[in-house]
1. Just one of L53, L64 is within 30 Å of M6 (Cβ to Cβ), of a type in the set (A, V, I, L, M, F, W, C), surrounded by 10 or more Cβ atoms within 10 Å (Cβ to Cβ) and out of contact with any Phe, Trp or Tyr (no Cβ under 6 Å at 6 or more places or on another chain); which is it?
2. For the stretch 20-84, give me every one of the helices (runs of 4 or more DSSP H) that falls completely inside it and has 1 or more residues that are small (G, A, S) and touching a helix residue (DSSP H, G or I) at 6+ places or on another chain (Cβ under 6 Å).
3. Of the residues V78, V85, V95, which is more than 30 Å from G14 (Cα to Cα), among the hydrophobic types (A, V, I, L, M, F, W, C) and modelled with pLDDT under 85?
4. For the stretch 87-117, enumerate the residues that are exposed (fewer than 10 other Cβ atoms within 10 Å of the Cβ) and either outside any helix (DSSP H, G or I) or touching an Asp or Glu at 6+ places or on another chain (Cβ under 6 Å) (or both).
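The values are calculated or read from the model by the stated rules, or taken from the named source; none is laboratory data. Owing to the predicted nature of the structure, the values given are computational and were not obtained by experimental measurement. In this analysis, Cβ positions are derived from the backbone assuming ideal geometry, glycine residues included, and neighbour counts consider all displayed protein chains.
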Amino acid sequence: MNRERMQDILEAYGADPARWPAAEREAAQAFLLDHPDVLAEAHALEAELDALLDMADPEPSELLQHRILKTLPKPVAVWGWRAPVAAAAALVIGVFAGFAGGYIAPPADQAEAIYAEAFSGFDEDWTDWLGEEI
């Protein structure tokens, strides 16, 4: 333990050894006992700060909470009348697409004929495009 590390521990964790890192606690206490005059002023200042912080109420009062919340800006309703119109438009489009999908699909008895018509003759198309027989 050196002076700089002990100063860092005091500044970060305060003067109470119970708050210091467990791995360095014994070395820090031994350093303070061996060198009482080196960091005596810093230790006293940190002890005073610890006492002030211990007196503070960790929960803010209801009045303070109310004052803070009152200063926040009010949310602005951007959508207004547009939100219900957008929802209605989406509903109408969805219903229309659902019913229109039935008219786009081929009848069940003609599905195989349409499939065969669409995918027959690929060999001829490729030979025409390549300009040679496969």
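1. So the residue among L53, L64 that is within 30 Å of M6 (Cβ to Cβ), of a type in the set (A, V, I, L, M, F, W, C), surrounded by 10 or more Cβ atoms within 10 Å (Cβ to Cβ) and out of contact with any Phe, Trp or Tyr (no Cβ under 6 Å at 6 or more places or on another chain) is L53.
2. Numbers: elements: 22-34, 40-55, 62-71.
So the answer is 22-34, 40-55.
3. V78
4. Result: A105, P107.
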